[in-house]
Amino acid sequence: MRYFYLSALRRNAQQGFGRRPSATPLEYEETFAKAVPTAVEQAHELTEAFIEARYSEHEITKDQVSRVQAVWRDIKRALIARRRIQHTEQEI
């Protein structure tokens, strides 16, 4: 689950809204929500899953991983749409 969160961070940084080193995952969630308002719920779910995977001691189930992977795909789609919109706006 950490992979999906960190992958999303990398993609976000490529679009110009990376996480400051001092920002907690919850603080960064706010930044993400402002940059990609179409994926606020997905960002929250991914952040919560990352926090659970990073800081809990229990094992993460395959079902949880599958759910987070689906959320990650939704975020990727939202980022692609955001990039297309920005590209179109730059052409105008």
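Using a 1.4 angstrom probe on heavy atoms only, work out the carbon and sulfur share of the accessible area of the chain in %.
Here carbon and sulfur together make up 50 percent of the probe-accessible area.
I'd like the orientation of helix 2-14 relative to the chain: the angle between its Cα long axis and the longest Cα principal axis, in ° from 0 to 90, rounded to 10.
Orientation of helix 2-14: about 20 degrees from the principal axis.
So what are the radius of gyration and Dmax for the Cα set of the chain, in Å?
13.7, 51
Can you give the relative contact order of the chain as a percent, counting alpha carbon pairs under 8 Å and 6+ residues apart?
On the way: 64 pairs, mean separation 34.4, N = 92.
That works out to 37 percent.
What accessible area per residue, rounded to a whole number of Å², is obtained for the chain using a probe radius of 1.4 Å?
On the way: 6350 Å² over 92 residues.
With all protein chains present, the chain gives 69 Å² per residue.
Is the C-alpha gyration tensor of the stretch 1-51 telling us rounded, prolate or oblate? Criteria: a/c under 1.5 is rounded; beyond that, a/b larger than b/c is prolate, otherwise oblate. Walk me through the numbers before you get to the answer.
Numbers: a/c = 1.26, a/b = 1.08, b/c = 1.17.
Rounded.
The values are calculated or read from the model by the stated rules, or taken from the named source; none is laboratory data. Please read all numbers here as calculations on a predicted model, not as lab measurements. Heads up: the accessible areas ignore ligands, DNA and RNA and are worked out on the full protein's heavy atoms, side chains in. Shrake-Rupley method; radii C 1.70, N 1.55, O 1.52, S 1.80 Å.
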